[in-house]
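The values are calculated or read from the model by the stated rules, or taken from the named source; none is laboratory data. This structure is a prediction, so every number in the text was calculated from the model and none was measured. Neighbour counts are summed over all protein chains in view; Cβ atoms, including those assigned to glycine, are modelled from backbone coordinates with ideal geometry. Note: areas computed on protein heavy atoms with side chains; ligands, DNA, RNA excluded. Shrake-Rupley method; radii C 1.70, N 1.55, O 1.52, S 1.80 Å.
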Amino acid sequence: MQFEFLLEQVVNGLVLGGYYLLIALGLSLIFSVGGIVNLAHGAFYALGAYVCVELTRRLGFGASVVISPFAVALLGILFERFILCRFYTADPILSLLVTFGLAMVAEQAIRMIWGAAPVSTEIPQSFRGSVIVGDFLFSRYRLLILAVVAAILLGIWLLLQKTSFGRVVRAGIQRPDMVAALGIRLQPYMTGIVMLGVGMAALGGAFFAPITTVHPAMGAEIMTVAFVVVVIGGLGSFWGVVIAALLVGVVRGIAIHFEPAAGEASIYILMFLVLLVRPRGLLGERIEKFE
């Protein structure tokens, strides 16, 4: 029974890691291409959750979990075109200050629109209950989240590896000077990256709205863990962030199994140990900011 319960915690940790991955991967891509640490990234996650809760009341969960990420992604286009694009070649501290301020503004705007009290929505009826696999019991909804994260990860990988858009983005991460020498402007591609990143964050908020507390400060809370994942994985590394997100989720799940109070501390201990051995993170590489 001890082993079975531990295995269930590992699966729950993978689900939690997938949740972190949706936030951290977009954050890492935006930094890798644009050289900007987007402290407002968590605000899009919170917006995705709130829009999903609001639309669920009118359209049902199935429609809302599809519409809310696209709606927030469109907002991300405006965010990139009118704000972020001004800071690609500026001092990084300026983008930090601006995105931090925007995160605060977004949090207060959420309080004004939806109130300070937490809101919630329910798990769809068709995904309630559990699935029995041998001697193991798994939540249907958590397995759905795991499948969606896997599909999103595959789609992002195919986009970056098998399309012309992805080839330019990868070149912009590794050799932005050569991309500029070829006459290719990275700013239009950055719009797509920001749209993709904030859309994934909103999708995470939408899918986790039924199983977590939706409140105005949720965006600020997730940003801490997202940064831990990016640091452990290594800046500029796609698979580094993937491995780190799953590793953080599993470590936290197992730590909670042995000592519930140790869950939060375990991820910071893991970050300390990784940086002690590899200061650049698991698969980190040198980043050059494009001009």
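Taking the range 247-279 as the range and being open to solvent by 60 Å² or more (accessible area, probe 1.4 Å) and at pLDDT 85 or above as the test, the residues that pass are Leu247, Tyr268, Ile269, Phe272, Leu273, Leu276, Val277, Arg278.
To keep it simple, each residue is scored yes or no on (1) more than 21 Å from Ala73 (Cβ to Cβ); (2) touching a residue at least 60 places away in the same chain (Cβ under 8 Å).
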site	(1), (2)
Val214	no, yes
Ala226	no, yes
Ile243	yes, no
Val250	yes, yes
Ala255	yes, no
Glu259	yes, no
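Which residue out of Arg185, Arg175, Arg170 is under 22 Å from the mean Cα position of the chain (by Cα) and charged (D, E, K, R)?
Numbers: Arg185 fails: under 22 Å from the mean Cα position of the chain (by Cα); Arg175 fails: under 22 Å from the mean Cα position of the chain (by Cα).
Of the residues listed, the single one that is under 22 Å from the mean Cα position of the chain (by Cα) and charged (D, E, K, R) is Arg170.
Among the numbered conditions (1) of a type in the set (Gly, Ala, Ser); (2) surrounded by 15 or more Cβ atoms within 10 Å (Cβ to Cβ); (3) at pLDDT 85 or above, the only one that Ala151 does not meet is (2).
Return a yes/no flag: does the range 225-235 have any residue that is open to solvent by 50 Å² or more (accessible area, probe 1.4 Å), at pLDDT 85 or above, within 30 Å of Phe165 (Cβ to Cβ) and not aliphatic (A, V, I, L, M). Among the residues of the range 225-235, at least one is open to solvent by 50 Å² or more (accessible area, probe 1.4 Å), at pLDDT 85 or above, within 30 Å of Phe165 (Cβ to Cβ) and not aliphatic (A, V, I, L, M), which makes the answer yes. Between Ile67, Ile23, the distinction of being of a type in the set (A, V, I, L, M) and either more than 17 Å from Met218 (Cα to Cα) or at pLDDT below 85 (or both) belongs to Ile67 only.
When the range 204-215 is limited to residues that are open to solvent by 10 Å² or more (accessible area, probe 1.4 Å) and either hydroxyl-bearing (Ser, Thr, Tyr) or not in a helix (DSSP H, G or I) (or both), the one that is nearest to Leu25 (Cα to Cα) turns out to be Thr212.
Against the test of being open to solvent by less than 40 Å² (accessible area, probe 1.4 Å) and of a type in the set (D, E, K, R), the options Glu107, Glu122 yield a single qualifying residue, Glu107.
Restricting attention to the range 154-173, and to residues there that are touching a residue at least 60 places away in the same chain (Cβ under 8 Å) and over 19 Å from Tyr19 (Cβ atoms), which single residue is surrounded by the fewest Cβ atoms within 10 Å (Cβ to Cβ)? Steps first, please.
Of the range 154-173, the ones touching a residue at least 60 places away in the same chain (Cβ under 8 Å) are 156-157, 160, 169, 172-173.
Remaining after also requiring over 19 Å from Tyr19 (Cβ atoms): 160, 169, 172-173.
Working: Leu160: 18, Val169: 23, Gly172: 23, Ile173: 24.
Going through the qualifying residues, I end up with Leu160.
Please determine, by comparing only the residues of the range 52-92 that are basic (Lys, Arg) and within 23 Å of Pro118 (Cβ to Cβ), which one is most open to solvent (accessible area, probe 1.4 Å).
Looking only at the range 52-92, we keep the residues that are basic (Lys, Arg), and these are 57-58, 81, 86.
Those left that are additionally within 23 Å of Pro118 (Cβ to Cβ): 57-58.
Values: Arg57: 147, Arg58: 162 Å².
Of everything passing the filter in the range 52-92, Arg58 is most open to solvent (accessible area, probe 1.4 Å).
Just give me the residues in the range 181-203 being in contact with a helix residue (DSSP H, G or I) (Cβ under 9 Å, 6 or more places away or on another chain), at pLDDT below 80 and open to solvent by 40 Å² or more (accessible area, probe 1.4 Å), in sequence order.
Kept after step one, since they are in contact with a helix residue (DSSP H, G or I) (Cβ under 9 Å, 6 or more places away or on another chain), are these residues of the range 181-203: 182, 184-187, 189-203.
If we keep only those that are at pLDDT below 80 too, we end up with 182, 184-187.
Across the range 181-203, the qualifying residues are Leu182, Ile184, Arg185, Gln187.
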